[in-house]
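Structure first, commentary second.
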Amino acid sequence: MSFDRTLDESALFRICFVCTGNICRSPMAETVFRDLVKRQGYENLISVMSAGTGDWHVGENSDVRTVTALESRGYETGEHRAKQFDPSWFDRLDLVIVFDHTQQRLIKAWATTEADRSKIALFLTFDKDQAGQLDVPDPYYSDAALFDTILSTIERASAALFAQIKPGIRLGTP
């Protein structure tokens with residue numbers, strides 16, 4: 001979802017991807033996962049959004065290298081605006097996906113209940129082929145080539161995540 005939109009609370013399953021500044025990894029994952037959800041016909045059942053742990057980039061567009069990597073593979077990037085994760089969202093979310101251990105520790109510290117903490121997961125733990133890596137590197141201080149590499153990592157992890165979520169959601173349920 002873009003900065004201007006809110007989480008679709010009517011969806012059966014609600015996911016928020018959270019990285020550091022919400023301009024590189026999390027908007028990339030949001031775009032990829034939303035595209036996957038749409039192609040599978042689940043867009044009314046799964047709601048996807050993203051945020052950052054910090055407020056440094058709030059209101060900014062995605063990093064141009066994020067947009068370039070996504071568009072080079074045919075993804076529609078829309079008008080993303082960075083936002084900071086708000087702990088009050090836990091009640092409305094089913095899953096909070098983070099990209100590294102630092103984000104995991106921070107978001108868990110913001111969770112006030114064990115139920116909220118149980119919603120937080122490292123992205124690569126869903127992909128058995130990448131689970132040994134666990135952290136998705138932050139490409140912000142690198143070059144465009146790393147953005148392409150990170151996009152490939154996110155595409156594989158998104159497919160694995162969707163494969164795990166899909167059986168729990170009945171297609172066609174309002």
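Quick notes on this structure:
- Test result for T153, surrounded by 17 or more Cβ atoms within 10 Å (Cβ to Cβ), assigned to a helix (DSSP H, G or I) and free of Cβ contacts under 8 Å to residues at least 60 places away in the same chain: yes
- Residue list for segment 156-169, restricted to those being within 19 Å of L93 (Cα to Cα) and in contact (Cβ under 8 Å) with a residue 60 or more places away in the chain: S158, L161, F162, I165, K166, G168, I169
- D55 fulfils the conditions (1) touching a strand residue (DSSP E or B) at 6+ places or on another chain (Cβ under 7 Å); (2) not in a loop (DSSP other than H, G, I, E, B) except for a single criterion, (2).
- Within segment 64-80, the residues that satisfy the criterion of being surrounded by 15 or more Cβ atoms within 10 Å (Cβ to Cβ) and at pLDDT below 95 are T77, G78, H80.
- Residues satisfying the stated conditions in segment 47-63, i.e. hydrophobic (A, V, I, L, M, F, W, C) and at pLDDT below 95: W56, V58
- Residues that are of a type outside the set (D, E) and crowded, with 17+ Cβ neighbours inside 10 Å within segment 112-124 comprise K119, I120, L122, F123, L124, listed in sequence order.
- Segment 79-94, residues that are within 15 Å of the chain's Cα centre (by Cα), closer than 17 Å to G54 by Cβ and not small (G, A, S): H80, R81, K83, Q84, F85, D86, W89
- Output for segment 121-142, where each listed residue is part of a loop (DSSP other than H, G, I, E, B), without any contact (Cβ under 8 Å) to a residue 40 or more places away in the chain, at negative phi and not basic (K, R): D127, D129, Q130, A131, G132, Q133, D135, P137, Y141, S142
- T20 vs. criteria of a type in the set (S, T, Y) and either farther than 22 Å from D148 by Cα or surrounded by fewer than 21 Cβ atoms within 10 Å (Cβ to Cβ) (or both): no
- Among (1) surrounded by 18 or more Cβ atoms within 10 Å (Cβ to Cβ); (2) modelled with pLDDT of 95 or more, the one test that A11 misses: (2)
- Any hit, segment 95-104, residues being of a type in the set (A, V, I, L, M), in contact with a Phe, Trp or Tyr (Cβ under 6 Å, 6 or more places away or on another chain) and modelled with pLDDT of 95 or more: yes
- Residue-level analysis places A109 among those that are within 17 Å of T20 (Cβ to Cβ) and over 17 Å from the mean Cα position of the chain (by Cα).
The values are calculated or read from the model by the stated rules, or taken from the named source; none is laboratory data. If you're wondering where the values come from, they're calculated on a predicted model, not measured in any experiment. Backbone-built Cβ (ideal geometry, glycine too); neighbour counts: all protein chains shown.
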